[in-house]
Amino acid sequence: MDGTPQEITNLVGREVYSNSGVFVGEVEDVRLDVDAVTVTGIALGELNRDLFGDVVGNENGVMIPYRWVRAVGDVVLINDTIERLQQPETDDEEAAV
């Protein structure tokens, strides 16, 4: 992506998959840092409930950090989501997505 606003809006509607090929969700929106002129997160809807059901409950979406994005093409590939969700939490950790 060359950073033009048109290309950022083209993210909306793309399917998101983990780097291991598991469907994660669909991009519904992007979070921008206007001052830094960067994308900081992507809002996912149409979630894979097998992955997020325990985390989001009845909510319809999640916001994930853009740093998890590894590639953008016909689909968006992300790192770590599946592994992070499947790791057992310790008493000191909070579930954060």
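The numbers here are math on the coordinates, done by the rules we state, and not lab data. None of these values were measured; they are calculated from a predicted model. All Cβ positions, even for glycine, are placed from backbone atoms using ideal geometry, and neighbour counts span all protein chains on display.
Given R₀ = 35 Å, FRET efficiency for Ser20-Met63 by Cβ-Cβ distance, to 0.05?
Details: r = 22 Å, r/R0 = 0.61.
Efficiency, from the Cβ-Cβ distance: 0.95.
So for the pair Glu46, Asp29, with labels modelled 7 Å out along Cα→Cβ, what separation do we get in nm?
Once both label points are built, they end up 1.8 nm from each other.
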